[in-house]
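Single-structure report; data block below.
The values are calculated or read from the model by the stated rules, or taken from the named source; none is laboratory data. Predicted model only: the values in this text are computed from it and were never measured. In this analysis, Cβ positions are derived from the backbone assuming ideal geometry, glycine residues included, and neighbour counts consider all displayed protein chains.
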Amino acid sequence: MSTAAPPVEAVAAVERRSWLALLRATGAAGVASAVAIAIAAFVAAFGPLLAPDSPYLGQLSSSYVGPTGGHLLGFDGQGRDLLSRLLGGARTSLVGPLTVVVICILAGTVLAVSAAWKRGTYDAFVSSGLDVLFAFPGILLAILAAAVFGAGLVAASLALAVAYTPYVARVLRGAALRERSQQYVAALEVQGASAFSICLRHLIPNMLPLIVAQATILFGYAMVDLAAISFLGLGVQPPNPDWGVMIAENQSGVVQGYPLAALAAGICIVIVVVAFNILGERLYDQAQAERR
Amino acid sequence: MLVATLVVSSFVIFSALYLAPGNPIAVLSGGRTLPAESIKVLEARYHLNDPFITQYWLWLKGVAHGDFGISIALRENVSTLIASRIGTTAALVLYASLLILVIGIGLGLAAGLRRGFLDTSVLAVTAVSAAIPSFVAAIVLILLFSVKLTLFPSLGDGQGLFGTIYHLTLPAVALAISSLAIVARVTRASVREEFGREHVQTAVSRGIPYRQLVRRHVLRNAAIPITTISGITVASLIAIAAVVERAFGLNGLGAYLVSAANSKDFAVVQGISLVLVTAFVVVNVLVDVLYAILDPRVSLGSRAQ
Amino acid sequence: MSEGPASAALLEVEDLVVDLPVEGEMRRVLHEVSLSIRAGEAVGLVGESGSGKSMTARAIDRLLPPGAAVGGAIRFDGGNVTALSGAQLRRFRGEVAMIFQDPRAHINPVRRIGDYMTEALRTNRDVPNAEAEDRAVDLLESVGIEDGGRRLRQYPHELSGGLLQRVMIATALLTQPRLLLADEPTTAVDVTTQAEVMAILDDLRREFRLAMLFITHNLELAAAVCDRTAVMYAGQVVEVRASSLLHDDPLHPYTAALAAARPDISATKDRLASIPGRPLSAFEAPSDACAFAPRCTHVRDACRQQRPPLIELDRGLTRCLRADELRGHMGPETA
């Protein structure tokens, strides 16, 4: 009743389902989220071109005026077309988290895979190092960075990346250890393949579903934190349209009875974050299921 | 392990002075021009002519005695400035933590122990609120309860016990709302998982009555992951509080930290950062201790993450 | 359906049918399972994974998952088990004890051993703590654990698997049950401990006049310990027989095949005999044919036309239509 072990080559080059199939496996909610994200990405890329008006120029006399002809959402506190500012703000709101995620995933993967591969003292060293910084609040580091290097998206993004990397590395290290102990790795080693090539061409590709899922979830967190930092005035600086900045700018409008400007920016943030959360969770479930 | 975090963090906070572009004097002065004697005072106070490690050590010693340096902008002892604001932040974090623990765990337990409508509605509500960042929640809350319904004030700290509670309610809710959802979900999942475990089945097979079963075998065991997530959540409040304080115009440490960072008042930034990091570490230590008490398999300091 | 001298059975299972909800639909996992156990008697229940043996024990002990549908009758001491509830059900649970396969998973890791052992006594029988602990220490001694007092204060993770299994057995006996359901108690432990556990169970059984249902996938083990053995396949009982006769004079081809498949260290054969095909799960069993037909070397057309009923033969029970003619050469033959 024993099943013959599958030939090593077949296991090493695991038939990766197409990414499309993986997406479909996340269900209706997953696909809807992916669509929302795609729209957001599109707006981020082409926002300024799509905007009916300038996000920067406004007349104070139009401050907080509601929707009128040609201005679908009305104006913000400075009399700028709200819709144009929203479309323009997509760019910084999305690029910042993207930077954070790219850095974290790269650094995290390198740390995780190298620690899982070498094990021993190197692993212990890296792991304790990561443990020390684990769960350290990113916002605090970002504020500190703003104090040191001046306010700005770059400093904030880098600070967040530093704060998140230990968490990402920890998660990926677990997965890397599991991959490392698979039979195909031993088989490849015996065949004389170098550690580097095994990791690059086999280990990491097999971890890809998990890495992508983790990246997606991370994007949500990074987006919230960066928006918060911009809200505090330490990230993206006005007059740049950024959803976090817009909430801070138009907060006074809420108390004066003109909530649309601040709310609209808030809703944009929530929708995109929810989309990333849902998609990320579903992808994570798929990655777990695939592992079995 | 957490002590290491504290030490490393303090080192990072301290050395930030040197990481900043420009020489330390420029950083400390925040770009302002100072008369010559002020510079000398600064040099003496910060021992800027001593080797790096000595400076670090002296700074640490000073901090241990409550001496955080002087605020350039306000020309006051940082420690006094911190002391006057720490109450607000502490009250806010405490208030929010209470909301998270009581409502979050409560909802999670209710949903985990029963099926049907209560369960699905808790799941649906938490799915949405988990994704609402606190500053967005702040706006919505101000809109609903301050402007439309004028139930709560949108600005300021309030005086006295009831005044403070009144003023801090909206901020606490804004701070708590997304963490509350996460704690509720994890609580629910943990309770469900414990219910399915074999040792619970054994207790059933021995005729242990339902109430006792739930109390002694399901909840008692689920308390472990629930404590972990609650600890992580409360610890993270310490940083997010800054955002909420800003949104509601509260005179707390977080808001002050942000304005100090903006005005490059370095000593203040260092001082508050250190206080917040210490608070963060203390909370984590408490959670570790609780965890070791709850789970006899674990020895202190080795909390499985 | 009794096959022995007419003494009242302590446990009677008659045409037990169990359906479980799986992915939205109800699937049958037990098809008309019947067996009986007299007071003080040890009955073995043997089968492969998926044959339904654990499910039978759980049905008897009212431990089925929510949503399960039960048909047929289960009677304990004359009373209907499936109708019990509340205080009566708890009293029943005191009379019927169950021990499980993986002791570490079945004992709450955050509570002390003493708490685990005495909980039922304290809760259901209102026995004061000190007395309950004394009884626990006594029983620990009976299972070979000497320093009971110290053990009571320890946590499960401080004990080995073998020790924990003994603790579980001792605990089961604390309420002085009349029937013990043992679900593969030795599968998760090493061979030496297995022998010890079996010896303990045997001693205790005689000492306390305990009836036992011993579930295992190991035919020889059941035959060694139990007076009678029932064999299950695909959710049905296919044979019940006195253990001494089971190996040499089985009444069902499946039993014979199981016996033949065991590697015999003394015999010299070229290949290990194995039963071709894979064991059927209970819900795959056809309702109009013999479930074992696809893998049986003695199969005839009649076997595929109806589900064979359980019939009496030579003081045993069998579901094989050809049992009478095949007696003596039930073993899997090459053509």
Quick check: anything in the range B:252-266 within 29 Å of B:Ala64 (Cα to Cα), under 12 Å from the mean Cα position of the chain (by Cα) and surrounded by 21 or more Cβ atoms within 10 Å (Cβ to Cβ)? yes
Would the range C:109-118 turn up any residue that is over 30 Å from C:Gln88 (Cβ atoms) and in contact with a Gly (Cβ under 6 Å, 6 or more places away or on another chain)? no
Quick one: in the range C:74-98, of everything that is hydrophobic (A, V, I, L, M, F, W, C) and touching an Asp or Glu at 6+ places or on another chain (Cβ under 8 Å), which residue is farthest from C:Thr171 (Cα to Cα)? C:Ile74
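Every residue, every condition in (1) surrounded by fewer than 19 Cβ atoms within 10 Å (Cβ to Cβ); (2) within 14 Å of chain B (Cβ to nearest Cβ); (3) of a type in the set (A, V, I, L, M, F, W, C), yes or no:
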{"site": "A:Pro97", "(1), (2), (3)": "no, yes, no"}
{"site": "A:Ala107", "(1), (2), (3)": "yes, no, yes"}
{"site": "A:Ala115", "(1), (2), (3)": "no, no, yes"}
{"site": "A:Gly120", "(1), (2), (3)": "yes, no, no"}
{"site": "A:Leu133", "(1), (2), (3)": "no, yes, yes"}
Residue identified as within 14 Å of chain B (Cβ to nearest Cβ), more than 16 Å from C:Arg38 (Cα to Cα) and buried (at least 24 other Cβ atoms within 10 Å of the Cβ) among C:Ala172, C:Ala234: C:Ala172
For B:Val173, state whether it is away from chain C (no Cβ under 14 Å) and under 22 Å from B:Tyr95 (Cβ atoms). yes
Go over the candidates C:Val17, C:Val13 one by one and state the one that is under 20 Å from C:Phe292 (Cα atoms), in a strand (DSSP E or B) and in contact with a Leu (Cβ under 7 Å, 6 or more places away or on another chain). C:Val17
Filter the range A:135-154 for residues that are free of Cβ contacts under 8 Å to residues at least 40 places away in the same chain and closer than 13 Å to A:Leu232 by Cβ; which is farthest from the other protein chains (Cβ to nearest Cβ)? A:Ala145
In the range B:91-144, what count of residues is obtained for those that are touching a Gly at 6+ places or on another chain (Cβ under 9 Å) and not aliphatic (A, V, I, L, M)? 4
What are the residues in the range A:100-132 that are touching a residue at least 24 places away in the same chain (Cβ under 8 Å) and closer than 26 Å to A:Gly233 by Cβ, if any? A:Val100, A:Val101, A:Ile103, A:Cys104
Of (1) surrounded by fewer than 18 Cβ atoms within 10 Å (Cβ to Cβ); (2) within 14 Å of chain B (Cβ to nearest Cβ); (3) farther than 30 Å from B:Ala260 by Cβ, A:Tyr64 fails just (1)
Out of B:Val214, B:Val287, B:Val258, B:Val244, report the one residue that is part of a helix (DSSP H, G or I), more than 20 Å from B:Ile182 (Cα to Cα) and either away from chain C (no Cβ under 14 Å) or among the acidic types (Asp, Glu) (or both). B:Val258
Considering only the range C:173-227, state which residues are among the hydroxyl-bearing types (Ser, Thr, Tyr), under 29 Å from C:Glu133 (Cβ atoms) and either touching a Phe, Trp or Tyr at 6+ places or on another chain (Cβ under 9 Å) or at pLDDT below 85 (or both). C:Thr186, C:Thr193
Give the number of residues within the range A:56-99 that are closer than 16 Å to A:Gln237 by Cβ and in a helix (DSSP H, G or I). 8
With the requirement that a residue be among the charged types (D, E, K, R) and exposed (fewer than 15 other Cβ atoms within 10 Å of the Cβ), what does the range B:124-165 give you? B:Lys148
If you go through the range B:224-279, how many residues are farther than 19 Å from B:Leu175 by Cα and acidic (Asp, Glu)? 1
Within the range A:229-272, of all residues that are touching a Lys or Arg at 6+ places or on another chain (Cβ under 9 Å) and over 18 Å from A:Arg80 (Cα atoms), the one surrounded by the fewest Cβ atoms within 10 Å (Cβ to Cβ) is A:Gly233
Output the qualifying pairs, or none if there are none: Cβ atoms under 9 angstrom, residues six or more apart or on different chains, first residue in the range B:267-284 and over 15 Å from B:Ile232 (Cα atoms) and touching a residue at least 24 places away in the same chain (Cβ under 8 Å), second residue among the basic types (Lys, Arg) and in a helix (DSSP H, G or I). B:Ile272/B:Arg85
Looking only at the range A:183-203, decide whether some residue is of a type in the set (Gly, Ala, Ser), part of a helix (DSSP H, G or I), touching a residue at least 60 places away in the same chain (Cβ under 8 Å) and surrounded by 21 or more Cβ atoms within 10 Å (Cβ to Cβ). no
Return the only residue of B:Val200, B:Val275 being more than 24 Å from B:Ser178 (Cα to Cα), within 14 Å of chain C (Cβ to nearest Cβ) and not aromatic (Phe, Trp, Tyr). B:Val200
Sort out which residues of the range A:233-272 are more than 26 Å from A:His71 (Cα to Cα) and facing another protein chain (nearest Cβ under 10 Å), and write them in order of number. A:Gly233, A:Leu234
In the set C:Ser54, C:Ser36, the lone residue that is within 30 Å of B:His217 (Cα to Cα), away from every other protein chain (no Cβ under 11 Å) and not in a loop (DSSP other than H, G, I, E, B) is C:Ser54
Could you tell me whether A:Asp225 is under 30 Å from B:Phe248 (Cβ atoms), out of contact with any Pro (no Cβ under 6 Å at 6 or more places or on another chain) and of a type outside the set (Gly, Ala, Ser)? yes
Yes or no: the range A:274-285 includes at least one residue that is under 21 Å from the mean Cα position of the chain (by Cα), within 20 Å of A:Ile37 (Cα to Cα) and small (Gly, Ala, Ser). yes
State yes or no: is A:Ala213 in a helix (DSSP H, G or I), modelled with pLDDT under 85, away from chain B (no Cβ under 11 Å) and over 29 Å from B:Gly252 (Cα atoms)? no
Filter the range C:95-134 down to the residues that are surrounded by fewer than 19 Cβ atoms within 10 Å (Cβ to Cβ) and closer than 19 Å to C:Leu64 by Cα, then identify the one that is farthest from the other protein chains (Cβ to nearest Cβ). C:Glu95
Please tell me if B:Val78 is modelled with pLDDT of 70 or more, in contact with a strand residue (DSSP E or B) (Cβ under 8 Å, 6 or more places away or on another chain), more than 20 Å from A:Ala155 (Cβ to Cβ) and within 14 Å of chain A (Cβ to nearest Cβ). yes
Kindly evaluate A:Leu263 against the criterion of being within 30 Å of A:Leu60 (Cα to Cα), modelled with pLDDT of 90 or more, outside any loop (DSSP other than H, G, I, E, B) and not small (Gly, Ala, Ser). no
